[in-house]
Every structure is written in C-alpha cells, then in structure tokens.
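Taking it in order: structure first as structure tokens, then the write-up.
The values are calculated or read from the model by the stated rules, or taken from the named source; none is laboratory data. Keep in mind that this is a model prediction, so the values were computed, not measured. Here the Cβ positions follow ideal geometry from the backbone for every residue, glycine too, while neighbour counts run over all protein chains shown.
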Amino acid sequence: MTPYRIAVVCLGNICRSPMAAVVLAERVADAGLADDVEVVSAGTGPWHVGHPMDDRAAERLTRAGYDATRHRARQIEAGWFETCDLVLAMDAQNHRDVTELAAGLAAPRARVAMFRDYDPDGAGDVPDPYFGGADGFAQVLAMVERTSAALVDELEPVLRARAAEAH
C-alpha cells in the first residue's frame with residue numbers, strides 16, 4: 001500500500017515547514033509508522049528552492065537532537081494534491097495559497113488543513129521566526145513538537161481504517 005503522505009507547507013520552506021517535517025517524521029518513526037507515513041515539506045514561493053534549512057532553524061533542531069542536514073527547500077506544485085493525503089499549512093496565508101493552488105484540480109486527493117489544527121494548546125498560525133531572534137525558533141520548535149505528537153496520535157486510527165479499506 002502507498003504510504004499516507006503528509007506535506008507541511010510554509011512560505012519559503014527554510015524555517016517552519018522543514019522544522020515541522022523533521023520533527024513529525026521522527027515522531028512517525030518513533031510510533032513505528034515510518035513504513036506507513038511519508039512526511040515532506042515545501043514552500044509556496046520559489047525564493048529558496050534547493051537551499052538548505054535556515055541556519056537558525058537547523059541549529060535549534062540539532063540542539064534538540066534532530067537531524068536537520070538532509071533538507072533542501074522545494075516549492076509545492078499542483079501535482080502534490082494528487083500524491084499527498086494531507087497538506088498542512090503553517091499560517092493562514094499559506095493556507096489560502098495552497099487552497100488556491102488546489103482549486104483548479106477536479107478532485108484532489110489531499111485534504112488541506114492548518115498544522116496547528118492538531119495542536120492540543122489551540123489552533124492558529126505557527127509564527128514565522130525568520131525576521132526575529134532565537135526565541136522565535138524555540139517557540140516554533142515547541143509548537144511543532146507538541147503538535148506533531150498529537151498528529152501522530154490521530155494518524156494511527158486513520159491508518160488502521162485505511163488498511164481495512166484496502167483489504
């Protein structure tokens with residue numbers, strides 16, 4: 001069976017969405033779901049395509065014990081809505097942008113939601129730390145960690161139901 005594919009999307013794909021993708025992928029693996037779930041990330045804009053993660057984001061992840069070395073920024077394309085099951089936007093503008101991109105498709109497979117819709121501490125935007133200091137990256141990592149843990153808890157029944165439908 002094809003893995004359940006989750007895309008995490010922010011503006012440039014160098015801060016929030018790669019941080020979320022790294023943490024979510026690790027939580028997925030820790031839950032024993034790595035063969036069943038694939039996590040990818042992208043930006044809505046092309047500015048950083050091919051670049052590594054922002055140094056401050058990578059440093060924050062590394063300090064917390066995550067591997068931030070493999071990321072290369074990408075831009076989301078309409079085809080992602082056919083290959084992904086869930087597209088998670090990091091803020092309201094990202095949500096509008098990905099919803100608009102998907103609007104031209106007849107029947108996209110992916111459901112679009114906000115990343116923090118899964119946050120047990122409340123919904124809303126994941127603030128962009130790019131123009132701020134180290135505290136912003138720490139705040140984003142804390143949001144991403146608790147939201148990723150809650151998202152993995154919600155994935156397990158979805159995957160069971162999906163497996164049952166396949167049989």
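Of all residues in segment 1-55 being touching a Cys at 6+ places or on another chain (Cβ under 7 Å) and among the charged types (D, E, K, R), which is nearest to Glu165 (Cα to Cα)? This residue is Arg5. Per this entry, Ser41 is counted among residues that are in contact with a Pro (Cβ under 9 Å, 6 or more places away or on another chain) and among the polar types (S, T, N, Q). Which residue out of Asp67, Asp85, Asp91 is acidic (Asp, Glu) and within 25 Å of Arg162 (Cα to Cα)? Sole residue among the options that is acidic (Asp, Glu) and within 25 Å of Arg162 (Cα to Cα): Asp85. Looking for something without any contact (Cβ under 8 Å) to a residue 24 or more places away in the chain, touching a strand residue (DSSP E or B) at 6+ places or on another chain (Cβ under 9 Å), within 20 Å of Glu154 (Cβ to Cβ) and of a type outside the set (Lys, Arg) - is there at least one such residue anywhere in segment 72-92? No, every residue in segment 72-92 fails to be without any contact (Cβ under 8 Å) to a residue 24 or more places away in the chain, touching a strand residue (DSSP E or B) at 6+ places or on another chain (Cβ under 9 Å), within 20 Å of Glu154 (Cβ to Cβ) and of a type outside the set (Lys, Arg). If the condition is being within 16 Å of Cys15 (Cα to Cα) and touching a Leu at 6+ places or on another chain (Cβ under 9 Å), then segment 67-104 contributes Asp67, Ala68, Ile76, Leu88, Met90, Asp91, Gln93, Asn94.
Please pick out the residue among Asp128, Asp91, Asp97, Asp119 that is of a type in the set (Asp, Glu) and more than 20 Å from Gly45 (Cβ to Cβ). So the residue among Asp128, Asp91, Asp97, Asp119 that is of a type in the set (Asp, Glu) and more than 20 Å from Gly45 (Cβ to Cβ) is Asp119. Within segment 102-160, being polar (S, T, N, Q) and either without any contact (Cβ under 8 Å) to a residue 60 or more places away in the chain or part of a loop (DSSP other than H, G, I, E, B) (or both) holds for one residue alone: Gln139. Out of the residues in segment 31-58 meeting the condition of being assigned to a helix (DSSP H, G or I) and either touching a residue at least 24 places away in the same chain (Cβ under 8 Å) or touching a Gly at 6+ places or on another chain (Cβ under 8 Å) (or both), tell me which one is nearest to Ala20 (Cα to Cα). Looking at the filtered set, the residue picked out is Ala57. Taken together, Ala20, Ala29 contain a single residue that is within 21 Å of Leu155 (Cβ to Cβ), crowded, with 20+ Cβ neighbours inside 10 Å and of a type in the set (Gly, Ala, Ser), which is Ala20. When every residue of segment 115-131 is checked against the conditions, at least one turns out to be closer than 17 Å to Ala92 by Cβ, surrounded by 14 or more Cβ atoms within 10 Å (Cβ to Cβ) and of a type in the set (Lys, Arg).
Residues being surrounded by 14 or more Cβ atoms within 10 Å (Cβ to Cβ) and in contact with a His (Cβ under 9 Å, 6 or more places away or on another chain) are entirely absent from segment 137-159.
Only a single item in (1) modelled with pLDDT under 95; (2) touching a strand residue (DSSP E or B) at 6+ places or on another chain (Cβ under 6 Å) is not met by Met1, and it is number (2).
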